[in-house]
1. Out of all the residues in the range 1-44, which are surrounded by 15 or more Cβ atoms within 10 Å (Cβ to Cβ), away from the ligand (no atom under 14 Å from the Cβ) and over 15 Å from the mean Cα position of the chain (by Cα)?
2. Helices (runs of 4 or more DSSP H) wholly in the range 4-106 with at least 3 residues that are touching a Ser or Thr at 6+ places or on another chain (Cβ under 7 Å) - which ones?
3. Checking GLN49 against (1) more than 16 Å from the ligand (Cβ to nearest atom); (2) in contact with a Phe, Trp or Tyr (Cβ under 6 Å, 6 or more places away or on another chain), which test does it fail?
4. If I go through the range 30-72 residue by residue, how many of them are of a type in the set (A, V, I, L, M) and closer than 18 Å to CYS10 by Cα?
5. Restricting the range 56-67 to residues that are at pLDDT 90 or above and within 9 Å of the ligand (Cβ to nearest atom), which is surrounded by the most Cβ atoms within 10 Å (Cβ to Cβ)?
Amino acid sequence: MSENRRLFVCTNQKSGVGEDVAKALKKELKHQGLKKLVVDGHKLRTQVQTCDCLDLCKGCKKGPGAALIVYPEGTVYGNVRPADAAELVAEHLGRGKVVKRLRREE
Ligand code: FES
């Protein structure tokens, strides 16, 4: 059985920071070896995708970063900047821990 995890990053900001956040997340996934994993015999693949407004704009407009959502768990992060990518990948995707300082309620 194979399972996919997806991160959707809003790119609807005027600054275009969402594109940079998505690039940084992809780079970190590769760098930290978390793009493709085998967990308990199951293949787990993580993909980062950009998208238009996620309708989570509170997460975008309160600061200079982007909103993103992680599926399948549905965790929402807001005001994510490229510099947050390493921590988000290591903690959420690597250790399964929510990064509380970036967490937003839907
Ligand atoms: S502008 Fe980013 S979620 Fe709406």
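1. Those that are surrounded by 15 or more Cβ atoms within 10 Å (Cβ to Cβ), away from the ligand (no atom under 14 Å from the Cβ) and over 15 Å from the mean Cα position of the chain (by Cα): LEU37, LEU44.
2. Where helices (runs of 4 or more DSSP H) fall fully within the range 4-106 and carry at least 3 residues being touching a Ser or Thr at 6+ places or on another chain (Cβ under 7 Å), they are 17-31.
3. GLN49 satisfies all of (1) more than 16 Å from the ligand (Cβ to nearest atom); (2) in contact with a Phe, Trp or Tyr (Cβ under 6 Å, 6 or more places away or on another chain) except (1).
4. 8
5. Selected residue: ALA66.
The values are calculated or read from the model by the stated rules, or taken from the named source; none is laboratory data. Predicted model only: the values in this text are computed from it and were never measured. All Cβ positions, glycine included, derive from the backbone under ideal geometry; neighbour counts span all protein chains shown.
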